[in-house]
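The structure appears below as structure tokens.
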Amino acid sequence: MDFSLADKRHLEAAQGWLELGLPLDANEELEKIQPQLRAHPDVLDVRWHIYANAKKWDACVDIANAIVRCAPDRSDGWIHRSFALHEMKRTQEAHDQLLPAADKFPKVWTVPYNLACYCSRLHRFNEAKDWLKKAMGIGGKRVQDAAAADEDLKPLWESMGETSWKREQSE
């Protein structure tokens, strides 16, 4: 089913409210969308962000699972699900759920980047390093900038020594 013009506007308004940091207003806009369209992956994606803003990770996992089921060729559902699992301190499960997405979405740098983060937290540093290099090969400087300040990669940096990371990136 396609979005009507009114439904598209409600979805865009919800996205705008989220960008303004007003998740309750975003949720109100989503509720104005026709009920049969509320399970659309675009609507679910906005709803996931609303719940993530509230740190309701169990609901985020459920929403992300729904996205993966109805739109398995969209990377965001896979990424969102694992992110929520990681936030729930279920990092091994986050890794395992995201791993199939690495082959499925070879041009999405967020997948290997998040796998690097999960491996870092799991103290699997060689894997973390390999995933991070793969992410950098896809996303370049954007990945390097994100990685420099990411707390999830801190165990990796500590295992390598900061100078090792900087030296490797200049090679």
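Numbers for the structure displayed
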| quantity | calculated |
| --- | --- |
| Criterion violated by ASP2 - all others in (1) free of Cβ contacts under 8 Å to residues at least 12 places away in the same chain; (2) closer than 28 Å to HIS95 by Cα; (3) outside any helix (DSSP H, G or I) satisfied | (2) |
| Residues located in the range 69-82, provided they are surrounded by fewer than 22 Cβ atoms within 10 Å (Cβ to Cβ) and within 14 Å of HIS40 (Cβ to Cβ) | ARG69, CYS70, ALA71, ARG74, ASP76 |
| Total residues in the range 101-127, condition open to solvent by less than 70 Å² (accessible area, probe 1.4 Å), within 17 Å of the chain's Cα centre (by Cα) and not hydroxyl-bearing (Ser, Thr, Tyr) | 12 |
| Matching residues in the range 84-100 - criterion: being under 14 Å from the mean Cα position of the chain (by Cα) and either buried (at least 23 other Cβ atoms within 10 Å of the Cβ) or among the basic types (Lys, Arg) (or both) | ALA84, LEU85, ALA94, LEU98 |
| Residues satisfying the stated conditions in the range 54-71, i.e. more than 13 Å from the chain's Cα centre (by Cα) and touching a residue at least 24 places away in the same chain (Cβ under 8 Å) | ALA54, LYS55, ASP58, ALA66, CYS70, ALA71 |
| Positions within the range 7-20 being in a helix (DSSP H, G or I) and either among the polar types (S, T, N, Q) or without any contact (Cβ under 8 Å) to a residue 24 or more places away in the chain (or both), in sequence order | LYS8, ARG9, HIS10, GLU12, ALA13, GLN15, GLY16, TRP17, GLU19 |
| Complete set of residues in the range 9-58 that are surrounded by 15 or more Cβ atoms within 10 Å (Cβ to Cβ) and in contact with a His (Cβ under 6 Å, 6 or more places away or on another chain) | LEU18, GLU29, ILE33, TRP48 |
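The values are calculated or read from the model by the stated rules, or taken from the named source; none is laboratory data. Remember, predicted model here, so these are calculated numbers, not experimental data. With ideal geometry, Cβ positions are generated from the backbone for all residues, glycine too; neighbour counts draw on all protein chains shown. For accessibility, only protein heavy atoms count, side chains too; no ligands or nucleic acids. Shrake-Rupley method; radii C 1.70, N 1.55, O 1.52, S 1.80 Å.
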